[in-house]
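Quick notes on the structure that follows.
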Amino acid sequence: MIIGNNIIYLKETTSTMDVCKQLASDKFEEGTVVIANYQNSGRGRFNRVWISPAGINLHVSILLSPTFDQMKYLNMAATLAVIDTIKKITNIPSQIKWPNDVQVNGKKISGILIESELSTTNINYSVVGIGLNINLNPQEFPEISNFATSLKNETKLFINRSTVLHTLIKFFDHYYNIIKQNKSLTKKWGDYLNTIGRNIEISFTDKPGEQTISGLAHSVNEDGSLNLKLDDNSLLTVSAGEITINKIE
């Protein structure tokens, strides 16, 4: 077992990502997990605020030491671990909105954030952050009520966060060990994507409408990048971005 031999619980912190990166500087062991009851500066991609009241959801960051070849599978391992956890706890199926949002019934339930420190020859560390809505009531937050959900929202049952955490760690450790054996997760990960075959818009900034490209989500590559089929039938490969599914297809 690599993930979870050392678990650090915090009542409150700025961000588990920041704490985990400091632990990397302090040479903590690979697989160290940081979990906080509350983050006062939790963030997602594009430095967006992650809305999560104290004691409600799961905010966890994991310290890893992948190689360059293994790093491309970290997002896949994290999203697959979340999917397996949701299935194990609730028996509810979920899907992935490319590249790293886990959705249940078309609404976001989890997001993944990966931050790494690189040198010219190797990866000093990678930190995988996972936010998972557990007992959140999205209707209490108008800014996310239309597109967010939670385990409790879907099951109408209170969910024990500790059970979810240890289940998530178990599944993440499983997938990370596959990565460490230099095996691919792309096929399994791709099977859960709900984006392929859809007409989409992809934005490369945190401001909707700026630097946006439209096309058909054609396929994904081994590293998880997306092939976008443009109007002239050419393929554009993108590695990151914010996806919007066109309502009229």
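The values are calculated or read from the model by the stated rules, or taken from the named source; none is laboratory data. Values in this document were obtained by computation on a predicted structure and should not be read as measured data. Using ideal geometry, Cβ is built from the backbone for each residue, glycine included, and neighbour counts are taken over all protein chains shown.
Please go through the range 221-249 and pick out each residue that is modelled with pLDDT under 95, acidic (Asp, Glu) and within 20 Å of residue 74 (Cα to Cα). Residue satisfying the conditions is 242 alone. All of (1) farther than 22 Å from residue 244 by Cα; (2) within 15 Å of the chain's Cα centre (by Cα) hold for residue 56 with one exception: (2). Looking at the structure I just gave you, is residue 240 in contact (Cβ under 8 Å) with a residue 40 or more places away in the chain, part of a strand (DSSP E or B) and not assigned by TED's automatic domain parsing to the domain that holds residue 35? No.
Scanning the range 128-143 for residues that are surrounded by 17 or more Cβ atoms within 10 Å (Cβ to Cβ) and over 16 Å from residue 72 (Cβ atoms) yields a count of 9. Scanning the range 1-22 for residues that are within 17 Å of the chain's Cα centre (by Cα) and of a type in the set (Asp, Glu) yields one hit, 18.
Within the range 131-152, being more than 19 Å from residue 55 (Cβ to Cβ) and free of Cβ contacts under 8 Å to residues at least 12 places away in the same chain holds for 142, 145, 146.
Restricting 134, 130 to residues that are assigned by TED's automatic domain parsing to the domain that holds residue 163, among the β-branched types (Val, Ile, Thr), assigned to a strand (DSSP E or B) and touching a strand residue (DSSP E or B) at 6+ places or on another chain (Cβ under 7 Å) narrows the list to 130.
Matching residues to (1) at pLDDT below 95; (2) farther than 21 Å from residue 133 by Cα:
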position: 9; (1), (2): no, no
position: 23; (1), (2): no, yes
position: 29; (1), (2): no, yes
position: 32; (1), (2): no, yes
position: 49; (1), (2): yes, no
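Against the definition (surrounded by fewer than 22 Cβ atoms within 10 Å (Cβ to Cβ), among the small types (Gly, Ala, Ser) and touching a strand residue (DSSP E or B) at 6+ places or on another chain (Cβ under 8 Å)), how does residue 110 come out, yes or no? Here the answer is no, as residue 110 does not meet what is asked.
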